[in-house]
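See below for the structure under consideration.
Nothing in this text is a laboratory measurement; each read-out follows from the coordinates by a stated rule. Here the structure is a predicted model, which means the values were calculated and not measured. When we count neighbours, we look across all protein chains shown, and the Cβ atoms used for this are built from the backbone with ideal geometry, even at glycine.
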Amino acid sequence: MAANTVSEIVKIKRKIYIELAKQVLNNKINERIDKIPYKIAKEDGDRYRCCVHKERAIIGERIKLALGFDPQLHKDETPADLLKKEGEEDCCDNIVNVIELACDSCPIDKYTVTDSCRNCVAHKCVNVCPVDAIVTIQNKAFIDQKKCIECGRCRQVCPYGAIHENVRPCVRACSVDALTSNSERKAKIDYSKCVDCGSCIQACPFGAISDSTDLVNVCRTIIDKDKKLTAMLAPSFVGQFGAKIQPEVIKSALKEIGFNDVIEVGLGADMVALEEGEELNEKISEGDFLLSSCCPSFKKTVNKHFPILNQKVSKTVSPMVKIAERIKETSDHETVFIGPCVSKKAESCNYSTVDYVLTFEELLCIIVASNMNLANYEQKEKMNDSSAHGRQFAYSGGLSAVMLDLLGEHINVVKGNGLDQCMELLKKIMKDEIEIDFMEGMACQGGCTGGPANLNKPQVTKKLVEIFAKKSEHKKADQNEKTA
Amino acid sequence: MNKVKVEICIGTPCYLMGARELIDEMQKLKKIYEDKIELKSLHCIEERCEKAPIVKVNGQIYEEVTYDKLQKVVKDKLSKL
């Protein structure tokens with residue numbers, strides 16, 4: 001599990017978000033939206049594409065996504081046109097989108113021969129090729145791409161390691177084979193397979209895959225005097241805005257920039273722990289097993305790739321939905337979930353109780369747009385919504401530890417840490433190769449702390465979450481009277 | 001002066017633009033050059049937040065710093081110690 005790096009691509013995205021948030025918060029977005037690409041890509045600035053015009057065009061596509069529209073469906077409209085279509089956003093259809101204009105159409109010839117080829121006497125590559133795709137031309141092996149079936153045997157046998165395997169970063173990052181390419185060799189997402197994990201977004205070095213966002217709509221709600229907004233902070237929020245920034249500081253800072261209330265999703269996790277614990281008890285007494293339901297990408301993986309196991313997934317809603325239901329029951333506030341997750345954006349579309357979803361990255365752009373410097377901010381509000389249990393949901397192993405704590409050490413628990421591991425475990429479960437009572441499935445390596453929109457190193461976040469969990473007033477979910 | 005003083009702003013705008021990584025990388029560099037680098041973090045450098053991340057090296061301010069840029073500056077100063 002690696003920390004996300006702040007590449008030039010990431011910086012451009014963040015600059016766009018800050019600028020958008022600033023203009024919406026200052027109520028000047030209508031007159032300024034067309035100027036944003038010019039402000040960010042200057043004539044004399046750093047250039048990553050062929051010309052400044054393409055650079056600006058791509059920024060325009062990113063703005064469309066930030067407004068909640070799919071750039072592919074709105075090719076002929078400008079960001080200003082789309083700004084007028086408030087309420088018609090298509091962000092709920094697909095969360096992860098390819099920005100075709102930014103996609104570099106990476107080569108798709110999987111195996112090529114490099115200059116390391118010595119045209120050796122043994123020519124193992126020629127001999128091993130099952131389809132006679134390799135010939136020697138000009139003293140070098142050559143792969144006829146029309147014949148190549150991409151079996152990779154030539155690469156395995158070459159004593160010089162002269163055969164290069166070229167896999168697009170997006171394709172390599174995808175654990176569920178959802179990435180293909182269209183006739184122009186641009187990346188294409190097969191949405192019947194995609195589980196919204198967001199790995200391809202992180203992987204593409206051209207920044208050609210991006211997620212749609214509620215950033216603009218959240219800023220509109222913040223400045224709307226008639227609306228009230230509650231921020232729901234995912235358990236992995238601790239330390240995301242700087243390792244030294246205390247959780248309590250974040251709460252009061254958010255209130256100062258216009259959120260009416262701030263609550264830990266950990267409380268929702270406490271409620272989930274109790275409900276899912278009961279469900280698991282029942283399942284065990286029936287001789288059955290249970291798959292966790294808090295990670296939407298894991299749920300989707302089961303749904304799309306192991307549909308036979310569908311009914312094994314816990315019926316308990318996720319902590320996000322649980323806490324949002326609670327807020328809607330007790331107030332007239334709109335709700336915004338804030339986390340490290342792309343998948344929650346898709347999940348929220350199925351629940352009317354969750355109005356918006358932001359990532360930590362997007363929230364921090366709003367904080368910067370509000371001219372707030374958390375490093376200088378000292379005001380602290382009490383934070384005691386969640387027990388240690390709920391806070392532990394942030395990392396891989398947290399949920400299963402809670403289950404063991406609530407139900408006893410005798411239950412048989414397995415953890416899927418990251419999509420690859422989840423897929424492996426699900427295959428084994430399907431083939432009856434392992435016996436389990438409970439499987440915790442987390443699509444991101446390290447759990448939510450390793451999410452695609454995390455801002456700090458997962459191992460640092462985990463430590464800070466553990467410290468925060470120790471500070472909880474209650475150790476266990478069943479001791480937290482707020483769950484009632 | 002027998003040390004290169006590197007002050008990295010970790011205010012929110014700089015943090016968002018990669019200050020944390022700059023600190024991580026400078027700590028690695030510090031291990032190589034032992035006590036020749038003095039590393040500090042600041043909460044804001046002259047409110048130049050628009051040009052984040054901001055770093056001061058021996059008192060001189062650098063804007064829109066990348067690690068590449070920073071290590072060149074620091075190594076240059078180290079060679080002149």
Can you tell me the alpha carbon radius of gyration of region A:115-231 divided by the globular rule-of-thumb value 2.2 N^0.38 Å? 1.72
Whole-Hz Karplus couplings 3J(HN,Hα) for region B:67-78, θ = phi - 60° and coefficients 6.51, -1.76, 1.60, Gly and Pro as x, run 4, 3, 4, 5, 5, 5, 4, 5, 5, 4, 5, 4
log10 I(q)/I(0) for region A:1-68, Debye formula on C-alpha points only (no solvent), q = 0.14, 0.19, 0.22 Å⁻¹, two decimals, reads -0.44, -0.76, -0.96
At q = 0.25, 0.29 1/Å the base-10 log of I(q)/I(0) from the Debye formula over the alpha-carbon atoms of region B:24-66 is -0.95, -1.10
Neighbours of A:GLY287 by Cβ distance under 13 Å: Lys/Arg at +1, Asp/Glu at -1, summed charge -3
FRET efficiency for A:GLU278 and A:GLN138, using Cβ-Cβ distance with R0 set to 56 Å, rounded to 0.05: 0.20
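Given R₀ = 41 Å, what would the calculated FRET efficiency be for A:ASP226 paired with A:ASP478, taking r from the Cβ atoms and rounding to 0.05?
Here the calculated transfer efficiency is 0.55.
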Would you please give the residues with an amide H less than 5 Å from that of B:ILE37, counting only those at least 5 places away or on a separate chain, with H modeled from the backbone geometry? B:VAL4
Once phi is turned into θ = phi - 60°, what whole-Hz ³J(HN,Hα) does the Karplus curve with 6.51, -1.76 and 1.60 give for every residue of region A:471-484, x standing for Gly and Pro? 7, 4, 5, 10, 7, 10, 4, 6, 8, 7, 5, 5, 6, 6
Considering only the other residues whose Cβ falls under 15 Å of the Cβ of B:ILE45, what net charge follows from Lys and Arg at +1 and Asp and Glu at -1? -1
Vicinal HN-Hα couplings computed from phi for region A:140-151 (Karplus, 6.51 cos²θ - 1.76 cosθ + 1.60; Hz; Gly/Pro x): 8, 5, 9, 9, 6, 5, 6, 8, 4, 9, 6, 7
Of A:THR316, A:GLN72, A:THR5, which is farthest on the positive side of the dipole of the protein assembly as shown, counting Cα position, with +1 on Lys and Arg Cβ, -1 on Asp and Glu Cβ, and the Cα centre as origin? A:THR5
Rounded to two decimal places and with Rh computed the Kirkwood way over Cα pairs, what is Rg over Rh for region A:217-483? 0.97
Surrounding net charge for A:GLU347, when Lys and Arg each add one and Asp and Glu each subtract one, Cβ distance under 11 Å: +3
Once each part is reduced to its C-alpha centroid, what is the distance from region A:159-223 to region A:458-478 in angstrom? 32
For region A:411-469, the spread of Cα positions along each principal axis, largest first, Å: 38, 24, 11
Chymotrypsin sites (Phe, Trp or Tyr not before Pro) lying in DSSP loop within region A:334-373, provided at most 13 other Cβ fall within 10 Å: none
May I ask for the distance between the Cα centers of region A:59-115 and region A:10-45, given as a whole number of Å? 18
Does anything in region B:16-57 have its amide N under 17 Å from the 7 Å Cα→Cβ label point of B:SER79, and if so which residues? B:33
How big is chain A along each principal axis, measuring the range of its Cα positions in Å and listing the largest first? 77, 63, 38
Residues whose built amide H sits under 5 Å from the amide H of A:VAL262, excluding neighbours closer than 5 in sequence, are A:ALA231
I'd like the FRET efficiency for A:TYR351 and B:LYS31, computed as 1/(1 + (r/R0)^6) with the beta carbon distance as r and R0 of 51 Å, rounded to 0.05. 0.55
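Loop-only GluC sites (Glu not before Pro) in region A:330-407, please: DSSP not H, G, I, E or B, and at most 15 other Cβ atoms within 10 Å.
Taking region A:330-407 and a limit of 15 other Cβ atoms within 10 Å, the loop GluC sites (Glu not before Pro) found are A:GLU378, A:GLU381.
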Among trypsin sites (Lys or Arg not before Pro) in region A:1-103, those in a DSSP loop whose Cβ has at most 15 other Cβ atoms within 10 Å are A:LYS28, A:LYS42, A:ARG47, A:LYS75, A:LYS84, A:LYS85
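About the Cα centre of the protein assembly as shown, how large is the charge dipole given +1 on each Lys and Arg Cβ and -1 on each Asp and Glu Cβ? Please answer in debye to the nearest 20.
Dipole about the Cα centre, nearest 20: 2280 debye.
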Expressed as a rounded percentage, what relative contact order does chain A have, with Cα pairs under 8 Å and six or more residues apart? 18
Let me check I have the definition right: for region A:111-165, take the eigenvalues of the Cα gyration tensor, multiply each by 5, take square roots. What are those semi-axes in whole Å, largest first? 15, 12, 11
For B:LEU42, other-chain or 5+-apart residues with amide H closer than 5 Å (H placed, Pro excluded) are B:ILE8, B:CYS9, B:ILE10
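Need one number for chain B: average projected area of the convex hull over its C-alpha atoms, nm².
That works out to 4.6 nm², a quarter of the Cα hull's surface.
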Give me the distance in nm between label points sitting 7 Å out from Cα along the Cα-to-Cβ direction at A:ASN310 and A:MET430, one decimal. 1.4
